[in-house]
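> I have a structure here, written as structure tokens, and I will follow up with some questions on it.
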Amino acid sequence: MRILVFRVTIAILGFLALASPGLAQSQGIVTADRAVIWRTDSSVAATVVDAGVVLELTGRSERWYEVIIPANLGGRGERGLIAITQVRLVDGSELPAERVLRGSGLPAPTPQSPPVPRPAPPPGPAVALRGFGQAGLVGFTARETFTAITGQSYGPAFGAGAQVRLRGGLYVQVSIERFQQTGERVFVFEDEAFPLGIPNTITIEPVIVAVGYRPPSASSIRPYLGVGVGTYHLREVSPFDDPSEEVDQWHRGFHAHGGVEFLAGRWFAPAVEARFTTVPDALGSDGAAAAFGESDLGGWEVFAKILLGR
């Protein structure tokens with residue numbers, strides 16, 4: 001009789017154990033690589049687990065499984081949360097008990113993938129052609145000569161040209177420029193100029209070839225540097241001149257320039273450029289320049305440019 005009671009008791013306890021999901025062990029297999037197990041008390045990652053790892057499940061909500069963090073992943077019996085979409089129940093395993101877990105009402109976080117690098121912009125054409133116009137100020141090295149004749153040692157200048165740009169950053173350009181100022185003839189005595197009341201128009205027309213380098217860049221601000229050589233056409237005309245008295249000369253000059261382009265569109269780029277020019281022995285053979293001992297037709301130049309093209 002005692003043996004029968006004992007067996008019945010054992011059977012009843014076993015039935016209760018199988019019928020109670022809280023007493024049955026729940027296990028799940030991780031299905032996502034690098035799945036994050038979060039701390040239960042804050043939005044801080046506790047560890048990362050690979051696909052195929054079996055975890056002991058101790059609770060669930062509509063978005064989370066509560067799991068025991070494995071010892072081989074640094075766990076010491078504490079629990080964590082893993083997205084329910086990243087775990088599959090082991091065959092034959094019971095669902096763990098449902099309970100309120102942190103952030104149950106929030107979307108389940110997914111493991112973060114490394115940022116995908118942005119593709120590099122496609123390279124531009126190997127050779128590109130651009131046209132440009134420019135306007136600015138020219139200040140002359142022969143300050144006293146120009147001040148005596150025109151009343152100032154600087155004046156406006158204009159120009160236009162074309163530029164061939166290579167993909168590596170080099171460019172070659174040709175430009176035609178013009179400076180014209182009307183003053184009057186002067187007589188210089190002991191470094192003092194005396195106006196003669198005769199109009200005198202000075203025209204300078206350079207034709208310049210330059211090469212330069214603009215480093216390739218994705219930035220909209222692009223500095224550049226270059227050097228050039230040119231032919232400078234100098235003319236001086238007065239109403240009462242005999243043809244033999246007119247000045248009509250060509251001189252060779254050299255320059256260095258630097259500037260900054262501001263890319264405003266695919267085909268449009270304003271720029272600011274500064275240049276230093278020397279045109280040796282272009283002045284000083286006679287007239288005011290000889291009296292002041294000035295012979296260089298060069299000086300400084302500052303231009304605003306508009307470039308059109310790629």
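Laboratory data are not the source of any read-out in this text; all were calculated from the coordinates shown. Since the model is a prediction, treat every value here as computed from it, not as a measurement. So basically every Cβ, Gly included, is an ideal-geometry build from the backbone, and we count neighbours across all protein chains shown.
> May I ask you to derive the FRET efficiency for residue 172 and residue 264 from their Cβ-Cβ distance with R0 = 35 Å, giving the value to the nearest 0.05?
Using R0 = 35 Å, I get an efficiency of 0.90.
> While we're on this one: Simple spin-label model, 7 Å along Cα-to-Cβ: residue 235 to residue 29 in nm?
9.3 nm
> Taking 0.36 nm per intervening residue step and subtracting the Cα-Cα distance, what contour gain separates residue 285 from residue 164 on full extension?
Roughly 39.7 nm would be gained on extension.
> Roughly how many nanometres apart are two label points built 7 Å out from the Cα toward the Cβ at residue 98 and residue 302?
With each label point 7 Å from Cα toward Cβ, the separation is 7.7 nm.
> Let me ask you something else. When all C-alpha to C-alpha distances in segment 184-239 are sorted into bins of 5 Å, what percent of pairs does each bin hold, rounded to whole numbers?
4, 13, 12, 12, 11, 10, 9, 9, 8, 6, 5, 1
> Now a separate question. Could you check the simple spin-label distance between residue 39 and residue 192, using points 7 Å along Cα→Cβ, in nm with one decimal?
Reported label-point gap for residue 39 and residue 192 is 9.1 nm.
> What list of ³J(HN,Hα) couplings, whole Hz, do you get for segment 77-86 from phi and the Karplus terms 6.51, -1.76, 1.60, once you set θ to phi - 60° and write x for glycine and proline?
So the Karplus estimates, Gly and Pro as x, are x, 6, 10, x, 10, 10, 4, 5, 6, 9 Hz.
> Between residue 221 and residue 72, what FRET efficiency follows from the Cβ-Cβ distance if R0 is 35 Å, with the result rounded to 0.05?
The pair residue 221/residue 72 has a calculated efficiency of 0.05.
> Right, another one. Looking at 284, 250, 303, which one has the Cα that reaches farthest to the positive end of the dipole of segment 214-310 (charges on Cβ: Lys, Arg +1; Asp, Glu -1)?
Of the options given, the answer is 303.
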